[in-house]
Amino acid sequence: MSVRLLITGGAGFIGANLARSALSAPGIAHVRVLDDLSTGTREALRGVDVEFVLGSLLDDTALRRAVRDRDAVIHLGALPSVPRSVRDPVASHHANATGTLLLLQAARRADVGHVVVASSSSVYGANPALPKDELDWTRPLSPYAVSKLATEAYALAFASTYQLATLAFRFFNVYGPGQRHDHAYAAVIPRFVYAALRGEPVVYQGDGRQSRDFTYVDTVCSVLLDAVRRRVTHAHPVNLALGSRVDLVTVVGELERILDRPITVRHETPRPGDVRHSEASGVLLRQLFPEVRAVPIADGLVATVDWFQTFVTGPAGSAVAVDRVPAAPVEVVDQVGTVRRTVARTRSC
Ligand code: NAD
């Protein structure tokens, strides 16, 4: 079967990588993106020939337009980041929890066959177990984590209540090309790569020994596409990480090796709501997706550094002056249904 796919949050980091992969993936017939560009950018989809619905998950008209004639949805649209949610818990709740509920309702009404949602390792929160098994108890430590627990719980409840085929993944720390370094809530790897390339200090919030199960974005995209192609469902959430935990000191060491120069480090106080260590049990993921392969952090960082040097900083850390991405149109359908063509102007992932 060929899948007509909707990606919510498709102008974001993971979504844009996914859209690009989906276009060349076997078994995917058509890709539509729904995004309100609150954290994503149109530039992220530059050169990616998808149908773009500009609108919010919270807007009924945009949502109905987005789910129409879809076989599957990969729901990535959300306001990510723990600190963002600490600052504005209500906004995170609306986008992540209410947004998921409305998406599931719309999908059900439109007879969408399969919905895959993105939850987060942050739901384990205060549970110190390592590695994290999906059946371990959850205790969110931040409003963001609560909203992600709601995301996965709604998806699984729609399966049991309405027989909507769903799959809830818990992403761990996803990184790779296209991830933004340039906003207050940027993730650690793009911040470190950018600072290192510019010769600026990297900042540890704490002692740098906090560790994460870093997952390369291509691994996430290939599992998501395999899930919709084979219409994989599961009664419990599934960790989307493979148990390859490293600490921040190790990440900086790898970057020093790749760049062949020392990196200066500065220490700040730990952030509220952050967990110290995070590592997935990848057992269930490997059972459901036997072909999944982990990308070693060293290889993922090489590709990430390469992307930053090509599209963000230039090889010597200076800003990239020339637009090096080939232009291609992206179809934009705005909320009132006007179709127009646009060509994004700056860098892309
Ligand atoms: P991102 O911020 O780059 O992408 C999220 C996208 O959702 C953005 O394009 C944003 O504009 C869009 N969006 C936000 N609110 C919306 C709304 N109301 N309506 C429509 N679109 C909306 O983040 P990402 O890193 O690509 O994360 C994608 C998903 O994965 C999110 O659900 C996030 O919670 C989850 N996740 C990511 C990680 C990670 O390490 N990146 C870890 C755990 C979970």
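Scanning the stretch 46-97 for residues that are more than 9 Å from the ligand (Cβ to nearest atom) and of a type in the set (S, T, Y), we see that the one that is surrounded by the fewest Cβ atoms within 10 Å (Cβ to Cβ) is T61. If you go through the stretch 20-45 and keep only what is within 11 Å of the ligand (Cβ to nearest atom) and open to solvent by less than 40 Å² (accessible area, probe 1.4 Å), you end up with V33, L34, D35, T39, G40, A44, L45.
Among all residues of the stretch 274-289, there is at least one that is without any contact (Cβ under 8 Å) to a residue 12 or more places away in the chain, open to solvent by 10 Å² or more (accessible area, probe 1.4 Å) and more than 18 Å from P190 (Cα to Cα). Taking the condition of being open to solvent by 10 Å² or more (accessible area, probe 1.4 Å) and hydroxyl-bearing (S, T, Y), how many residues in the stretch 205-214 meet it? So the answer is 0.
Only a single criterion out of (1) more than 22 Å from A196 (Cα to Cα); (2) open to solvent by 50 Å² or more (accessible area, probe 1.4 Å) is not satisfied by V302, namely (1). Restricting attention to the stretch 105-145, the residues that are open to solvent by less than 50 Å² (accessible area, probe 1.4 Å), part of a helix (DSSP H, G or I) and out of contact with any Ser or Thr (no Cβ under 8 Å at 6 or more places or on another chain) add up to 3. You will find that of S160, S222, the residue that is touching a Ser or Thr at 6+ places or on another chain (Cβ under 9 Å), small (G, A, S), closer than 23 Å to V73 by Cα and open to solvent by 50 Å² or more (accessible area, probe 1.4 Å) is S222 and no other.
The values are calculated or read from the model by the stated rules, or taken from the named source; none is laboratory data. Quick caveat, the model's predicted, so the values are computed rather than measured. FYI the Cβ positions are ideal-geometry reconstructions off the backbone, even for glycines, and counts take in every protein chain you see. With ligands, DNA and RNA removed, areas are computed over all heavy atoms of the protein, side chains included. Shrake-Rupley method; radii C 1.70, N 1.55, O 1.52, S 1.80 Å.
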